[in-house]
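*Asks:* Would you mind keeping the following structure in view while I ask a few things?
The values are calculated or read from the model by the stated rules, or taken from the named source; none is laboratory data. Not measured: the values here are computed from a predicted model. Cβ sites come from the backbone with ideal geometry, for glycine too, and all protein chains shown count toward neighbours.
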Amino acid sequence: MLLTAFLLAASVQGAPLRVFLRGGPKTHGPNQHEHERFVAEWKPLLASRGVVVDGALRFPTEAELARTDVLVIYAADGGSIHGEDRAHLESYLARGGGLVALHDAVCTDDPAWFQGIAGGAWEYGRAKWHEGLVDLDFADREHPISRGIANFRFQDEIYTDLHVDPAVHVLAQGFQSIFEISPQAWTWEKDRYRAFVSIQGHEWTSFSHPAWRAFVLRGIAWAGRRDVDALVSKEELASLRYPPGGPIAPEKSASALVLHPEFDISLIASEPLVVKPISIDWDARGRMWIAETPD
């Protein structure tokens, strides 16, 4: 199995990545669930980054899957796949084709089957959603897809009470409260293929959030066994440490403070010299002492 995976990876590294974008009719309100717009705008985006890209507002044919390395599904009830489409998908995955499922792509009328395909699935009548200002907490900052991404908050949606296989590798999690923490992005490696799932994507603005877009682009590259940063721009990479809605860069942090007019403020220490401070004090000699936490 390891030798097969190695040979498969080695055979594709030098070839252009071939991606099929499976969209669908738009649902929901303005700038939400923009499945048609995703196909229309991400086809040229990916092409500009060296990808051979195709797409449609339907499931790909057997011939289209035969010339695809990564199938990206962003469509209402994208996990409801039956008949010949299901057989073609299973054959595609059996040969090592990659899968990326975004947002409502995990919604399905057959959650047990799709959980086995993507590692997790929405079941109607069980799963729940929470829309609004949501937080993404990156549980693994060492994985190639989520490496170096700081936690951030943005306007989107989280899903809870999904069917998620315990064997998935959770990359990011969200919480509706401190008592309800749920996986929001994960990887799933099964047999010869790789799957990447990100639950966010409810709001169209999320697709232009530089850190989340980099996260998705990395997931596509990873599912296709390519260098994860091959599709990511320099600007998107630069946003990962200090993403919009996340921590503020030290040199910009003073602008977020309300300063008394009789005081001045200057930066004297920042990362990596100081990491995760929890307390600060001065001794009788005027020296500053800082306590840090490893968590």
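*Asks:* Pairs under 6 Å by beta carbon, first residue touching a residue at least 24 places away in the same chain (Cβ under 8 Å) and on the phi > 0 side of the Ramachandran plot in segment 160-172, partner surrounded by 17 or more Cβ atoms within 10 Å (Cβ to Cβ) and assigned to a loop (DSSP other than H, G, I, E, B), six or more apart or different chains?
*Replies:* Correct list of pairs: 161/127.
*Asks:* With 125, 79 as the choices, which residue is assigned to a loop (DSSP other than H, G, I, E, B) and under 18 Å from the mean Cα position of the chain (by Cα)? Walk me through how you get there before you give the answer.
*Replies:* Values: 125 fails: under 18 Å from the mean Cα position of the chain (by Cα).
The match here is 79.
*Asks:* Do the conditions hold for residue 57, that is, is it buried (at least 19 other Cβ atoms within 10 Å of the Cβ) and either aromatic (Phe, Trp, Tyr) or in the same structural domain as residue 129 (by TED's automatic domain parsing) (or both)? Break it down into steps so the answer makes sense when it comes.
*Replies:* Values: buried (at least 19 other Cβ atoms within 10 Å of the Cβ): no; either aromatic (Phe, Trp, Tyr) or in the same structural domain as residue 129 (by TED's automatic domain parsing) (or both): yes.
No; evaluated as a whole, the condition is false for this residue.
*Asks:* On the given criteria, is residue 145 touching a Lys or Arg at 6+ places or on another chain (Cβ under 6 Å), in contact (Cβ under 8 Å) with a residue 24 or more places away in the chain and buried (at least 18 other Cβ atoms within 10 Å of the Cβ)? Show your work before the answer.
*Replies:* Working: touching a Lys or Arg at 6+ places or on another chain (Cβ under 6 Å): yes; in contact (Cβ under 8 Å) with a residue 24 or more places away in the chain: yes; buried (at least 18 other Cβ atoms within 10 Å of the Cβ): yes.
Taking the combined requirement at face value, the residue satisfies it.
*Asks:* Working only within segment 103-117, note down all residues that are surrounded by fewer than 24 Cβ atoms within 10 Å (Cβ to Cβ) and in a helix (DSSP H, G or I).
*Replies:* 111, 112, 113, 115, 116, 117
*Asks:* Taking the condition of being touching a residue at least 40 places away in the same chain (Cβ under 8 Å) and either among the polar types (S, T, N, Q) or within 20 Å of residue 206 (Cα to Cα) (or both), how many residues in segment 43-70 meet it?
*Replies:* Keep residues of segment 43-70 that are touching a residue at least 40 places away in the same chain (Cβ under 8 Å), which gives 46, 49-51, 60, 64-65, 67-70.
Checking the rest, the ones that are also either among the polar types (S, T, N, Q) or within 20 Å of residue 206 (Cα to Cα) (or both) come to 46, 49, 68.
Count: 3.
*Asks:* State whether the residues of segment 226-235 include one that is within 14 Å of the chain's Cα centre (by Cα) and either small (Gly, Ala, Ser) or in a helix (DSSP H, G or I) (or both).
*Replies:* Scanning segment 226-235 turns up no residue that is within 14 Å of the chain's Cα centre (by Cα) and either small (Gly, Ala, Ser) or in a helix (DSSP H, G or I) (or both).
*Asks:* Looking only at segment 27-40, decide whether some residue is within 13 Å of residue 220 (Cα to Cα) and in a loop (DSSP other than H, G, I, E, B). Steps first, please.
*Replies:* From segment 27-40, those within 13 Å of residue 220 (Cα to Cα) are none; that's our starting set.
Checked segment 27-40: no residue is within 13 Å of residue 220 (Cα to Cα) and in a loop (DSSP other than H, G, I, E, B).
*Asks:* How about segment 161-170: which of its residues are under 16 Å from residue 139 (Cβ atoms) and in a strand (DSSP E or B)?
*Replies:* Answer for segment 161-170, where residues must be under 16 Å from residue 139 (Cβ atoms) and in a strand (DSSP E or B): 164, 169, 170.
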